[in-house]
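First comes the structure, then the notes that go with it.
The values are calculated or read from the model by the stated rules, or taken from the named source; none is laboratory data. Computed from a prediction, not measured in an experiment: that's the story for all the values here. For neighbour counting, all protein chains shown are included, and Cβ atoms are generated from backbone atoms with ideal geometry for every residue, glycine included. Just so you know, the surface numbers come from the protein's heavy atoms only, side chains and all, with ligands and any DNA or RNA stripped out. Shrake-Rupley method; radii C 1.70, N 1.55, O 1.52, S 1.80 Å.
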4 protein chains.
Amino acid sequence: MGMPFELNTIIVTKGREKRVGENLFVLEKEGYRLYPIDIPIDVRKTIESDPCGTGVIQKIEWQNNSTWLTYQLISLNSTN
Amino acid sequence: MGMPFELNTIIVTKGREKRVGENLFVLEKEGYRLYPIDIPIDVRKTIESDPCGTGVIQKIEWQNNSTWLTYQLISLNSTN
Amino acid sequence: MGMPFELNTIIVTKGREKRVGENLFVLEKEGYRLYPIDIPIDVRKTIESDPCGTGVIQKIEWQNNSTWLTYQLISLNSTN
Amino acid sequence: MGMPFELNTIIVTKGREKRVGENLFVLEKEGYRLYPIDIPIDVRKTIESDPCGTGVIQKIEWQNNSTWLTYQLISLNSTN
């Protein structure tokens, strides 16, 4: 009866993001997940890794037990 | 800092739904709203009116401070 | 990293509610669950059963991977 | 009909926290707010200030249009 959800506060890409514009990416995540939208949040490659940058989610879609995020990368951490 | 949203348990159409398929409708609602997805919920024309039917939300989209619902009407209450 | 919770729109008691006042009950549910608060919702004994009444949740507590609801039964369906 | 909520990802104390144990604090926030529970999150004095430490929310209560957080401060940032 209940609808399972997951509250997320950072974007973990696992390298699966698809570039769809200048600094714009789409990422599919399994299950229904709630993220802060329109607010800068950390973007990481894996849960354990350091943030690789900061993104702002512009669109969230829930369908077929998946969540699609469209986010803009607004800053990138230098890696060395 | 926080992100406002609204928890909703029924679909209130206010007659603004757009038919996009056999029994499939799209409805835009103001603000970010969370609804149960994949579960039968009441569909009403106004908050005060009796349910006009039962729908199942198949897709929820958040963007630009609006929520788009795609729902299938699975039953219709007879009105007389 | 994410925090699982469940969106619920009705109270399913499974007969485990504890009376703590005139029409006031406390119910513990497993896991973190989000319910509409301050709004009349259906109260059922099991998921499949007909509503046994209408309740208004006055307080929700999350702790130790459990949810405690305090709700007032505002109407009771007659059973015969 | 809907229930207004706010998604929060950090604790902003505004200096209103009450110490209730060794490193344990209770904080009342206005309105119904959703926070990650059981997960380390930033604790700040104001929205604009740097994090003053890291806390883990152990309990969230929603009642009377307020949210009460019980959180443990697990680390404190040095301020000089």
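Observations, loosely collected:
- Rotational relation D to C, axis-closest Cβ in chain D, residue and distance rounded to whole Å: D:Glu61, 2
- Association of chains D and A removes close to 400 square angstrom of accessible area from solvent, both sides included, for a probe radius of 1.4 Å.
- Averaged over residues, the count of other Cβ atoms within 10 Å places the peptides A:62-71, B:47-56 in the sequence A:62-71, B:47-56, highest first.
- Residues along the range A:9-24 losing 10 Å² or more of accessible surface when the other protein chains are present rather than the chain by itself (probe 1.4 Å): A:Thr9, A:Ile10
- Near the amide H of B:Lys59, within less than 5 Å, lie the amide hydrogens of B:Thr70, all on another chain or at least 5 residues away, with H placed in the peptide plane.
- Restraint check, B:Lys18/B:Lys59; B:Lys18/B:Lys45; A:Lys18/A:Lys59; D:Lys18/D:Lys45; A:Lys18/B:Lys18, Cα-Cα greater than 20 Å: A:Lys18/B:Lys18
- Virtual paramagnetic centre 7 Å along Cα→Cβ of C:Ser78, amide N under 13 Å, in the range C:20-55: none
- For the protein assembly as shown, the share of accessible area belonging to carbon and sulfur comes to 44 percent (1.4 Å probe, ligands and nucleic acids excluded).
- Positions from the range B:39-80 whose accessible area shrinks by 20 Å² or more when the full protein complex is built, not the chain alone, probe 1.4 Å: B:Ile39, B:Ile47, B:Gln58, B:Lys59, B:Ile60, B:Glu61, B:Trp62, B:Gln63
- Solvent exposure of chain D amounts to 52 Å² per residue of accessible area, where only protein heavy atoms count and the probe is 1.4 Å.
- In this structure, the amide hydrogen of B:Gly31, modeled 1.01 Å from its nitrogen in the peptide plane, lies closer than 5 angstrom to those of B:Ser66, B:Thr67, counting only residues at least 5 positions away or on a different chain.
- Here the 3J(HN,Hα) profile of the range C:8-18, calculated from phi with Karplus coefficients 6.51, -1.76 and 1.60 at θ = phi - 60°, is 10, 10, 9, 9, 10, 7, 6, x, 9, 6, 10 Hz, Gly and Pro shown as x.
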